[in-house]
Amino acid sequence: MAPALVFHWDVNPIMMQIGPLAVRWYGVFFATAFLAGSWIMRGIYQREGANPASLDRLLILMPLGAVLGARVGHVLLYDPHYYFAHPLAILRMWEGGLASHGGAAGILIALYFVTHRAGSPSYLWLLDRVAIPTALGGACIRLGNFFNSEIVGTPTSGWWGVVFDRVDPLPRHPVQLYEAMAYGLIFFGLLWVYRRCRMRDRPGWLLGLFLLCVFSARFLLEFVKTPQAEYEAGFLLTVGQLLSIPCILAGISLLVRACRYRHR
């Protein structure tokens, strides 16, 4: 049964265009995530007196690692047959196609190089604190997906259903907004924990909370999300859920480790 009132979404992914230059909503949200994350990390570095030289490396390598990791993850995990047949399409990132699990792996690699030099904070110290703006970045990216009318939800008869006119005429779960709200709440929760707790007594605590909360939310919301990989048809779980399980387990392990460290 279709809802009596239906909200139609047909926003142009291009916010503005000046000649050949197109400014896309997705890029605006990505830039917002980067700027907000930079501001948050500068505040953390100043608050804890960390070496500012490593912050400069962080602000260069982390977004680079996130984008490259997310793109490679999408190519390898979600549509390898298409991209191996059309390798030049890998470079067309403005068409969409970034995988959050790949982005997480790219961030892990980038932060390793940030902390590799003398005078830099420890790897786990940095991961704990980077988890805070990363959650906010995830919310911004999902808003970008919503404006792109991509990663849509399954059909619904609920009043909250959204018809993505650029996809089809069916009311669907606005799962991008569900994820954006979930990641936004996680961001504020992590920020509250950081301000209230002594993080040096709990190394790995924030990262563990991030992994557990973000990927648990991702796992649950996959049930109302359309399949993202063609080859996952017939799978009991989606590719996103399968990739989220190790992250959830890693989060639990870090939380247990942090609790034991505190009681030493």
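The values are calculated or read from the model by the stated rules, or taken from the named source; none is laboratory data. Quick caveat, the model's predicted, so the values are computed rather than measured. Every residue, glycine among them, receives a Cβ derived from its backbone with ideal geometry; neighbour counts consider all protein chains shown. Protein only, heavy atoms only, side chains kept; ligands, DNA and RNA dropped before computing areas. Shrake-Rupley method; radii C 1.70, N 1.55, O 1.52, S 1.80 Å.
The single residue among GLY106, GLY69, GLY97 that is open to solvent by less than 20 Å² (accessible area, probe 1.4 Å), out of contact with any Lys or Arg (no Cβ under 6 Å at 6 or more places or on another chain) and over 30 Å from ARG195 (Cβ atoms) turns out to be GLY97.
Residues checked against (1) open to solvent by 40 Å² or more (accessible area, probe 1.4 Å); (2) touching a helix residue (DSSP H, G or I) at 6+ places or on another chain (Cβ under 9 Å); (3) touching a residue at least 40 places away in the same chain (Cβ under 8 Å); (4) on the phi > 0 side of the Ramachandran plot:
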{"site": "PHE7", "(1), (2), (3), (4)": "yes, no, yes, no"}
{"site": "ILE18", "(1), (2), (3), (4)": "yes, no, no, no"}
{"site": "LEU21", "(1), (2), (3), (4)": "yes, no, no, no"}
{"site": "GLY49", "(1), (2), (3), (4)": "yes, no, no, yes"}
{"site": "ALA53", "(1), (2), (3), (4)": "yes, no, yes, no"}
{"site": "MET62", "(1), (2), (3), (4)": "no, yes, yes, no"}
{"site": "GLY65", "(1), (2), (3), (4)": "no, yes, yes, no"}
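Against the test of being of a type in the set (Gly, Ala, Ser), modelled with pLDDT under 95 and assigned to a loop (DSSP other than H, G, I, E, B), the options GLY234, GLY240 yield a single qualifying residue, GLY234.
Candidates in the range 167-212 are the residues that are of a type in the set (Lys, Arg) and under 28 Å from SER122 (Cβ atoms); of these, the one that is surrounded by the most Cβ atoms within 10 Å (Cβ to Cβ) is ARG202. Counting only helices (runs of 4 or more DSSP H) that sit wholly inside the range 99-217, those with at least 3 residues that are over 23 Å from GLY65 (Cβ atoms) and touching a Gly at 6+ places or on another chain (Cβ under 9 Å) are 175-196. Scanning the range 221-235 for residues that are of a type outside the set (Asp, Glu) and in contact with a helix residue (DSSP H, G or I) (Cβ under 9 Å, 6 or more places away or on another chain) turns up LEU221, PHE223, VAL224, LYS225, THR226, PRO227, GLN228, ALA229, TYR231, PHE235. Applying the set (1) open to solvent by less than 40 Å² (accessible area, probe 1.4 Å); (2) in contact with a Leu (Cβ under 7 Å, 6 or more places away or on another chain); (3) under 24 Å from ALA229 (Cβ atoms) to PRO155 leaves exactly one unmet item: (1). I'd like to know if the range 75-85 contains one or more residues that are open to solvent by less than 20 Å² (accessible area, probe 1.4 Å) and over 30 Å from ARG172 (Cα atoms). For the range 75-85, residues open to solvent by less than 20 Å² (accessible area, probe 1.4 Å) and over 30 Å from ARG172 (Cα atoms): absent.
Residue-level check: of (1) more than 28 Å from LEU209 (Cα to Cα); (2) open to solvent by 70 Å² or more (accessible area, probe 1.4 Å), HIS116 misses just (1).
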